[in-house]
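The structure appears right after this line, and notes come after that.
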Amino acid sequence: YFKSRKIRPNIVSYTLKMTMLGTTGDLSGASDVLEELKQSGSEPDVALFNNLMKMYAVRRDKNGVKKTLNTMQANGLEANARTVSFLVKFYTEEDELGLAEHTYCTAPAEIQEDSLVRLSLMKLYIAQGSLDQAL
């Protein structure tokens, strides 16, 4: 795509391509963008993986979310606060409450203290019916 238009791709152009493919429902193509990026000599960042996980989540594809998370970790990238917040929220919505709690509990302390992560955790406890823990 980029070569045919004589565009020198960068992380922004790959992100746009991934978003465009994901928006049209081509999640396989969106996932392939990660490999294209690596072949171009660049490395995907956490934000790009978060974006792809959210695309899978919109389609309620737990396996796609988990596969993307595993690929991110295999690339030596660690989840940031946005990743943890998203995963806690996603797993809670998917009624994977144990996995949501595990995701929070295994996150570094500085991520656990993030306000978005704490809000996601509160929603998890509310979903479990544990109002005391939520407050």
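For the range 33-90, which trypsin sites (Lys or Arg not before Pro) are in a loop by DSSP, counting at most 13 other Cβ atoms within 10 Å? Please list the in-between numbers first.
Working: sites: 38, 54, 59, 60, 62, 66, 67, 82, 89; in loops: 59, 60.
Counting only loop positions with at most 13 other Cβ atoms within 10 Å, the trypsin sites (Lys or Arg not before Pro) in the range 33-90 are 59, 60.
Quick check: residue separation of residue 66 and residue 130 times 0.36 nm, minus the Cα distance between them. What number comes out in nm?
So the chain would gain 20.4 nm between residue 66 and residue 130.
By accessible area of protein heavy atoms, probe 1.4 Å, what ranking do 126, 111, 11 get, highest first?
On the way: 126 95, 111 20, 11 60 Å².
So, going from the largest accessible area down, we get 126, 11, 111.
Report in % the part of the accessible area of the chain that belongs to carbon and sulfur, leaving out ligands and nucleic acids; probe 1.4 Å. The partial results should precede the final answer.
Numbers: 4120 of 8030 Å².
The value for the chain is 51 percent carbon and sulfur by accessible area.
How much FRET efficiency would the formula 1/(1 + (r/R0)^6) give for residue 26 and residue 96, where r is the Cβ-Cβ distance and R0 is 22 Å, rounded to 0.05?
On the way: r = 26 Å, r/R0 = 1.18.
That pair, residue 26 with residue 96, gives E of 0.25.
For a Förster distance of 30 Å, can you work out the FRET efficiency between the beta-carbons of residue 112 and residue 59, rounded to the nearest 0.05? Don't jump to the answer; show the numbers that get you there.
On the way: r = 29 Å, r/R0 = 0.95.
Given R0 = 30 Å and the Cβ-Cβ separation, E is 0.60.
With a cut-off of 8 Å between alpha carbons and a minimum separation of six or more residues, what is the relative contact order of the range 1-130 in percent? Before the final figure, lay out each step's value.
Working: 115 pairs, mean separation 21.1, N = 130.
Worked out over the range 1-130, it gives 16 percent.
What number, rounded to the nearest 500 deg cm²/dmol, is the helix-based mean residue ellipticity at 222 nm of the chain, given -39500 (n - 2.57) per DSSP H run of at least four residues and division by all its residues? Write out the running numbers ahead of the final one.
Numbers: 9 runs with 96 residues, N = 135.
Using -39500 (n - 2.57) per qualifying helix, the result is -21500 deg cm²/dmol.
Take the range 20-135, drop everything but the C-alpha atoms, weight them equally and run the Debye formula without solvent; then report log10 I(q)/I(0) at 0.12, 0.22 Å⁻¹ to two decimals.
Here log10 of I(q) over I(0) equals -0.44, -1.20.
Express in nm, to one decimal, how much length is gained between residue 43 and residue 4 on full extension, taking 0.36 nm for each residue of separation and deducting their alpha carbon distance. Before the final figure, lay out each step's value.
Working: separation 39, 0.36 × 39 = 14.04 nm, distance 2.23 nm.
Full extension from residue 43 to residue 4 adds 11.8 nm.
Sort the following peptides by mean Cβ neighbour count (other Cβ atoms within 10 Å, averaged over residues), highest first: 24-32, 97-105.
In descending order of packing, they fall as 97-105, 24-32.
The values are calculated or read from the model by the stated rules, or taken from the named source; none is laboratory data. Everything quoted here is computed from the prediction, not taken from an experiment. Don't worry about glycine lacking a Cβ; one is built from the backbone with ideal geometry, like all the others, and counts go over all protein chains shown. Accessible surface areas use protein heavy atoms only, side chains included; no ligands, DNA or RNA. Shrake-Rupley method; radii C 1.70, N 1.55, O 1.52, S 1.80 Å.
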